[in-house]
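Q: Please read through the structure below; I'll follow up with questions.
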Amino acid sequence: MFYTIKNEYLEVSVNSFGAELSSVKAKDGYEYMWQGGKWWPDRCPVLFPTCGNLPGRKYYYDGKEYKLPIHGIAMYREFTLVEKEETRLLFSQKSDAETLKSYPFEFELQAEFTLDGNSLITRLIPINTGTGIMPYMVGWHPGFNLPGDGEIEKFRVDFGRCDALVWHPIPAGGPIALHPTEHSLENNSYYLNEEEIYANDTMIFRDYPKSFSLIDPDGAPVVSM
């Protein structure tokens, strides 16, 4: 089920299945979120308890084999709406007999969406409801629309005062590169490169500033995070 919050700047829709952020529309009707297509069917999956894929989609814990789909289990299951206000939504997903088959830990995962002016604040809150240590990874996987003709190489990601980034590429069909390399930046920016993007299933940057912006061909920010 889809739930909507809005203010004078934005209208946001979230699907309770997977607590997926499905739409973020500006006052003029511009849709910020990718709306699915042949390249990628999703919009903004919640990743828990893993981000990415496991070798063979399996792992071992306490001498027993478990299997997990790509990005874990949260995105494939329904969340319960816990609280709804005009500009805020709070969802919750809890472990059960089915989740314990692939992730043997008791948990609650909360997903919160709050509008504050022209910003959307999102929070993922993993809670260990069991008695032991709960290993996990958690993350968002947003896809954004590119305005205009959407030609990738006309856009760049501005990292602010940053000359280079440390990155671990994951080649298409291959494991993560264990040894990081330095990726130099031009004008503090990573210019989107179609050949490089499609050669790598994922590009993991680290040690970057706390905020960055997707910049359009005219030099205006499309979205900042």
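Q: Below 8 Å, C-alpha to C-alpha, sequence gap of six or more: please give me the relative contact order for region 71-225 in percent. Could you put the intermediate results ahead of the total?
A: Working: 248 pairs, mean separation 25.2, N = 155.
Over region 71-225, the number comes to 16 percent.
Q: If each of Tyr30 and Glu151 carries a label point 7 Å out from its Cα toward its Cβ, how far apart are those two points in nm?
A: 1.9
Q: Counting only heavy atoms of the protein chains, get the accessible area per residue of the chain (1.4 Å probe) and round it to a whole Å² value.
A: Details: 13320 Å² over 225 residues.
Ligands and nucleic acids excluded, the figure is 59 Å² per residue.
Q: What residue among Leu192, Leu178, Leu47 shows peak mean-square fluctuation when the chain is described by a Gaussian network model with Cα springs under 10 Å?
A: With Cα springs under 10 Å in the chain, the top fluctuation among Leu192, Leu178, Leu47 is at Leu178.
Q: Just name one of Gln110, Phe144, Ala97: the one whose Cα is farthest towards the positive end of the charge dipole of the chain (beta-carbon charges, Lys/Arg +1, Asp/Glu -1).
A: Ala97
Q: Assign unit charges at the C-beta atoms only (+1 for Lys and Arg, -1 for Asp and Glu), then state the dipole size of region 45-143 relative to its Cα centre in Debye, rounded to the nearest 20.
A: Working: 10 positive and 12 negative charges, 92 e Å.
Charge dipole, region 45-143, about its Cα centre: 440 debye, nearest 20.
Q: Let me ask another. If the only charges are +1 at each Lys and Arg Cβ and -1 at each Asp and Glu Cβ, what is the size of the charge dipole of region 158-225 around the Cα centre, to the nearest 20 debye?
A: Numbers: 3 positive and 11 negative charges, 73 e Å.
The calculation lands at about 340 debye.
Q: Same structure again: Remind me, relative contact order of region 1-46 in percent, using alpha carbon pairs under 8 angstrom and six or more residues apart?
A: Details: 79 pairs, mean separation 12.8, N = 46.
Worked out over region 1-46, it gives 28 percent.
Q: Would you mind telling me the share, in percent, of accessible area of region 78-221 contributed by carbon and sulfur at probe 1.4 angstrom? Don't jump to the answer; show the numbers that get you there.
A: Numbers: 4310 of 8730 Å².
It is 49 percent, rounded to a whole number.
Q: Mind putting a number on the dipole of the chain about its Cα centre? Charges go on the C-beta only, +1 for Lys and Arg and -1 for Asp and Glu, and I need it in Debye to the nearest 20.
A: Numbers: 20 positive and 32 negative charges, 150 e Å.
Computed about the Cα centre, the dipole is about 720 debye.
Q: Specify the residue with the greatest mean-square fluctuation among Pro45, Pro169, Pro126, computed from a Gaussian network of the chain linking alpha-carbon atoms under 10 Å apart.
A: Checking each option, the largest mean-square fluctuation is seen for Pro169.
Q: Suppose each label sits 7 Å from its Cα in the direction of the beta carbon; what would the Tyr198-Thr4 distance come out to in nanometres?
A: Taking the two extended label points, one gets 3.7 nm.
Q: Is the shape of the chain best called rounded, prolate or oblate, per the rule: a/c under 1.5 gives rounded, else a/b larger than b/c gives prolate, else oblate, with a ≥ b ≥ c the square roots of the Cα gyration tensor eigenvalues?
A: On the way: a/c = 1.98, a/b = 1.18, b/c = 1.69.
Taking the square roots of the gyration eigenvalues as a ≥ b ≥ c, the chain is oblate.
Q: Right, here's the next one. Of the options Asn200, Ala74, Tyr59, report the single residue whose Cα projects farthest towards the positive end of the charge dipole of the chain (beta-carbon charges: Lys, Arg +1; Asp, Glu -1).
A: The residue sitting farthest along the positive end of the dipole is Tyr59.
Q: Still on this model: Give me the percent relative contact order of region 160-225, please, defined on Cα pairs under 8 angstrom at least 6 residues apart.
A: On the way: 98 pairs, mean separation 23.4, N = 66.
Dividing the mean separation by the residue count of region 160-225 yields 35 percent.
The values are calculated or read from the model by the stated rules, or taken from the named source; none is laboratory data. Computed from a prediction, not measured in an experiment: that's the story for all the values here. Using ideal geometry, Cβ is built from the backbone for each residue, glycine included, and neighbour counts are taken over all protein chains shown. For the accessible areas, the whole protein counts, side chains as well, though only heavy atoms, and no ligand, DNA or RNA atoms are used. Shrake-Rupley method; radii C 1.70, N 1.55, O 1.52, S 1.80 Å.
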